[in-house]
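Visitor: My structure is below; once you've seen it, I'll send some questions.
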Amino acid sequence: MFSGSIPALVTPFRDGALDEAAFRRLVDWQIEQGSAGLVPCGTTGEASTLSNAEHHRVIELCIEQAAGRVPVIAGCGSNDTQNALLHMRFSKKAGAAAGLCVAPYYNRPSQAGLVAHFSHLAEKCDLPIVLYNVPGRTVTDIEPETVCELAAKFPRIVGIKDASGDLSRVTDHRMGIDRDFAQLCGDDELWLPHSAAGGVGCISVTANIAPALCAQFQQAIAANDLVTARELNDRLYPLHYAMFEDASPAPAKYALSRVHDWLTDDVRLPLVRCSERARKAVDNALVHAGLV
């Protein structure tokens, strides 16, 4: 079972190429700061602009550097079922704890298509699966009935990262699934109410920049210390929104470049470095959180 503050890691670039040394340092820093797990090659990791060779190298690096200290949930999603399966099989062999599998994007499958897609992955590879629902990016929405159907059919579907923005789904999933099922928030600004409804953590963008604060926030929630949780949430709240003042992960990479001189704010086309307005929002949020 996965829980806690789990950063959806950026993929560091330098001069257009993967910066392996910086990525290894990022993994170590995240673990030292209290992150409960790591997600390489998700949306924040710019997986859509990585070649398959780069995608697999990032996963391999993350698992090597984590060295069993925290679980690695490898980003395995694709709009091509066979390519998603390729990522899952590689991640299984590399030692990932699970694969994060986004709803297929662009081709807009029906709910029956989603069931067929995730069923194929679960049947062809025994790596545990964390579903990833982010209809704002994929257009396709994994509806609660579909999540419950898949969870009932496949015990190796062990959780969901839900970035639908619909908090009622936490209860829908909890009441419709009669076993342990990790509900992880996919929207940092909703982490607190998501937890109150039954969530067990967050796959977070903000945790890239503020891993210690995010870990402390989750610990306060787990201890039912709502006073501390609200205080930490208030410190982090502007940063949650600043991460999306421009196309993600450009603001996150800019923020990391402010916190660490060994990270750049390089992103890959069609993304570009974030705007001056976004930089100002990030700068203000970093000050508010006490990070600079």
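The values are calculated or read from the model by the stated rules, or taken from the named source; none is laboratory data. Quick caveat: nothing in here was measured; it's all calculated off a predicted structure. Here Cβ is always computed from backbone atoms with ideal geometry, including for glycine, and neighbour counts include all displayed protein chains.
Visitor: Of the residues that sit in region 145-179 and are closer than 18 Å to Gly99 by Cβ and surrounded by fewer than 19 Cβ atoms within 10 Å (Cβ to Cβ), which one is farthest from the chain's Cα centre (by Cα)?
Guide: Lys153
Visitor: Give the residue that is farthest from Cys214 (Cα to Cα), with candidates limited to residues of region 256-291 that are without any contact (Cβ under 8 Å) to a residue 12 or more places away in the chain and part of a helix (DSSP H, G or I).
Guide: My answer is Glu276.
Visitor: Okay, next question. Quick one: in region 145-172, which of the residues that are in contact with a strand residue (DSSP E or B) (Cβ under 8 Å, 6 or more places away or on another chain), of a type in the set (A, V, I, L, M, F, W, C) and assigned to a loop (DSSP other than H, G, I, E, B) is farthest from Tyr106 (Cα to Cα)?
Guide: Taking region 145-172 first, the residues in contact with a strand residue (DSSP E or B) (Cβ under 8 Å, 6 or more places away or on another chain) are 147, 150-151, 154, 156-164, 169-170.
Subsequent filtering for residues that are of a type in the set (A, V, I, L, M, F, W, C) retains 147, 150-151, 154, 157-158, 160, 163, 170.
Going one step further and asking which of them are assigned to a loop (DSSP other than H, G, I, E, B), we end up with 154, 163.
Details: Phe154: 25, Ala163: 17 Å.
Within region 145-172, the match that is farthest from Tyr106 (Cα to Cα) is Phe154.
Visitor: For region 1-42, give me each residue that is of a type in the set (Ser, Thr, Tyr) and surrounded by fewer than 24 Cβ atoms within 10 Å (Cβ to Cβ). So that I can check it myself, show each step before the final result.
Guide: Restricting attention to region 1-42, the residues satisfying the condition of being of a type in the set (Ser, Thr, Tyr) are 3, 5, 11, 35.
Within region 1-42, Ser3 is the sole residue that qualifies.
Visitor: Do we find that Leu131 is touching a helix residue (DSSP H, G or I) at 6+ places or on another chain (Cβ under 9 Å), within 16 Å of Ala53 (Cα to Cα) and not small (Gly, Ala, Ser) in this structure?
Guide: Answer is no for this residue.
Visitor: If I filter region 9-40 down to residues being within 15 Å of Ala250 (Cα to Cα), modelled with pLDDT of 95 or more and of a type outside the set (D, E, K, R), which single residue comes out as farthest from the chain's Cα centre (by Cα)?
Guide: Ranking the qualifying residues of region 9-40, first place goes to Phe13.
Visitor: Still on this model: Please work out which one of (1) within 20 Å of Cys185 (Cα to Cα); (2) touching an Asp or Glu at 6+ places or on another chain (Cβ under 7 Å) is the condition Thr11 fails and give its number.
Guide: Of (1) within 20 Å of Cys185 (Cα to Cα); (2) touching an Asp or Glu at 6+ places or on another chain (Cβ under 7 Å), only one is false for Thr11: (1).
Visitor: Over 24 Å from Pro104 (Cα atoms), in a helix (DSSP H, G or I) and touching a residue at least 24 places away in the same chain (Cβ under 8 Å), is that true of Arg179? First the steps, then the outcome.
Guide: Details: over 24 Å from Pro104 (Cα atoms): yes; in a helix (DSSP H, G or I): no; touching a residue at least 24 places away in the same chain (Cβ under 8 Å): yes.
So Arg179 fails the test.
Visitor: Could you check Lys253 against (1) under 16 Å from Pro7 (Cα atoms); (2) outside any loop (DSSP other than H, G, I, E, B); (3) free of Cβ contacts under 8 Å to residues at least 40 places away in the same chain and say which number it fails?
Guide: Status for Lys253: all satisfied but (3).
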